[in-house]
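Q: Take this structure, written in structure tokens, and hold onto it; I'll ask about it next.
The values are calculated or read from the model by the stated rules, or taken from the named source; none is laboratory data. Bear in mind the structure is a predicted one, so any value in this text is a computation, not a measurement. Glycine also receives a Cβ, built like all others from the backbone with ideal geometry; neighbour counts cover every protein chain displayed.
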Amino acid sequence: MWLRVSCNLAFDIEIPTPFILRLRPRSGAEQWIERDEFKITPNIKILEFTDDYGNLYQRFVAPVGKLSIYTSSDVKTSEFVDVNFDAPFIEIEQLPNDVLCYLLPSRYCESDRFNDLANSITLDKPAGYKQVFAIEEWLRTTISYIPGSSDYPISATEVYQKRSGVCRDLAHLGIALCRSLSIPARMVVGYLHQLQPMDMHAWFEAYVGGRWYTFDATQTGQKGGYVTVGYGLDAVDVAIFNQFGPVAHSLEQSINVVQIKN
């Protein structure tokens with residue numbers, strides 16, 4: 001399917017404020033960007049770079065006054081996520097070098113604390129995709145997905161204790177459980193067609209069978225419509241923007257995803 005995804009951000013800047021944005025999706029194995037539009041008002045100098053995870057960044061210093069940011073992309077993506085229950089566990093020594101970092105504990109995914117829980121959830125499941133699928137199902141039935149219930153990231157341990165969270169929180173716990181089984185897992189942020197309520201969305205991917213597969217405990221079935229903006233170890237790496245210094249007053253944040261053709 002072809003989707004048009006867009007994001008509007010507006011701020012009232014009181015002092016010159018450095019920003020780092022992660023708003024522009026890139027073409028890759030699962031999506032193709034046909035058209036990309038990026039506007040910042042007022043007209044200021046912007047530097048763009050790519051990080052170690054392949055995310056596209058924009059950095060600039062916003063002057064005093066109103067700041068408006070608009071991005072829009074036409075993206076070809078799949079109507080369904082790929083499923084492969086036979087995808088096997090990949091031995092550590094056979095993993096690609098750039099995948100190894102996704103095995104380790106990170107700030108919000110304390111995978112070294114979840115081995116017993118992960119083993120109990122995946123008991124009798126063959127190593128690989130079926131283990132991750134069991135984790136996804138456990139999250140869906142055990143952790144309540146409550147959109148808008150958290151304004152800041154919390155760790156996998158906190159999510160497990162609360163038994164509820166936003167999409168980002170469920171992804172953190174899923175990642176920690178996968179990594180505790182030596183299955184590489186990474187955080188993904190982006191857009192999702194027909195997400196309710198509409199907002200930026202987070203899910204996780206696990207590396208089994210020699211490739212990455214999508215898992216999202218906040219949704220049911222294998223529907224697609226995902227557009228990736230960023231990858232990372234956890235929420236630290238995938239915030240859509242960071243500002244530094246006194247917090248700039250947010251005037252608007254709106255997200256839109258529409259299907260433009262099959």
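Q: Check Asp52, Asp86 and return the single one that is under 18 Å from the mean Cα position of the chain (by Cα) and part of a loop (DSSP other than H, G, I, E, B).
A: Asp52
Q: What residue, of Ala239, Ala217, is in contact with a Leu (Cβ under 8 Å, 6 or more places away or on another chain) and touching a residue at least 40 places away in the same chain (Cβ under 8 Å)?
A: Step by step, each of Ala239, Ala217 is checked, and only Ala217 is in contact with a Leu (Cβ under 8 Å, 6 or more places away or on another chain) and touching a residue at least 40 places away in the same chain (Cβ under 8 Å).
Q: A further question on this structure: If we keep just the residues of the range 25-35 that are modelled with pLDDT under 95 and of a type in the set (D, E, K, R), which is farthest from Gln259 (Cα to Cα)?
A: Top of the filtered list is Arg26.
Q: Identify all residues within the range 141-188 that are at pLDDT below 95 and hydroxyl-bearing (Ser, Thr, Tyr); write none if there are none.
A: Ser149, Ser150, Tyr152
Q: Could you please let me know if Trp138 is in a strand (DSSP E or B), aromatic (Phe, Trp, Tyr) and modelled with pLDDT of 95 or more?
A: So Trp138 does not fit the description; no.
Q: Of all residues being within 23 Å of the chain's Cα centre (by Cα) and basic (Lys, Arg) in the range 106-125, which is surrounded by the fewest Cβ atoms within 10 Å (Cβ to Cβ)? Just the residue, please.
A: Arg107
Q: Can you tell me how many residues in the range 20-48 are farther than 13 Å from Phe241 by Cβ and either within 19 Å of the chain's Cα centre (by Cα) or hydroxyl-bearing (Ser, Thr, Tyr) (or both)?
A: Adding up the residues that qualify gives 10.
Q: Could we say that Ala127 is touching a strand residue (DSSP E or B) at 6+ places or on another chain (Cβ under 8 Å) and either assigned by TED's automatic domain parsing to the domain that holds Ala176 or free of Cβ contacts under 8 Å to residues at least 40 places away in the same chain (or both) here?
A: It is true that Ala127 is touching a strand residue (DSSP E or B) at 6+ places or on another chain (Cβ under 8 Å) and either assigned by TED's automatic domain parsing to the domain that holds Ala176 or free of Cβ contacts under 8 Å to residues at least 40 places away in the same chain (or both).
Q: Being over 28 Å from Glu91 (Cα atoms) and either in contact with a Gly (Cβ under 7 Å, 6 or more places away or on another chain) or not hydroxyl-bearing (Ser, Thr, Tyr) (or both) is true for just one of Gly128, Gly221, Gly209, Gly174. Which residue is that?
A: Selected residue: Gly221, the only one of Gly128, Gly221, Gly209, Gly174 that is over 28 Å from Glu91 (Cα atoms) and either in contact with a Gly (Cβ under 7 Å, 6 or more places away or on another chain) or not hydroxyl-bearing (Ser, Thr, Tyr) (or both).
Q: Can you tell me which residue among Leu181, Leu177 is more than 11 Å from the chain's Cα centre (by Cα) and either surrounded by 24 or more Cβ atoms within 10 Å (Cβ to Cβ) or aromatic (Phe, Trp, Tyr) (or both)?
A: Residue meeting the stated conditions: Leu177.
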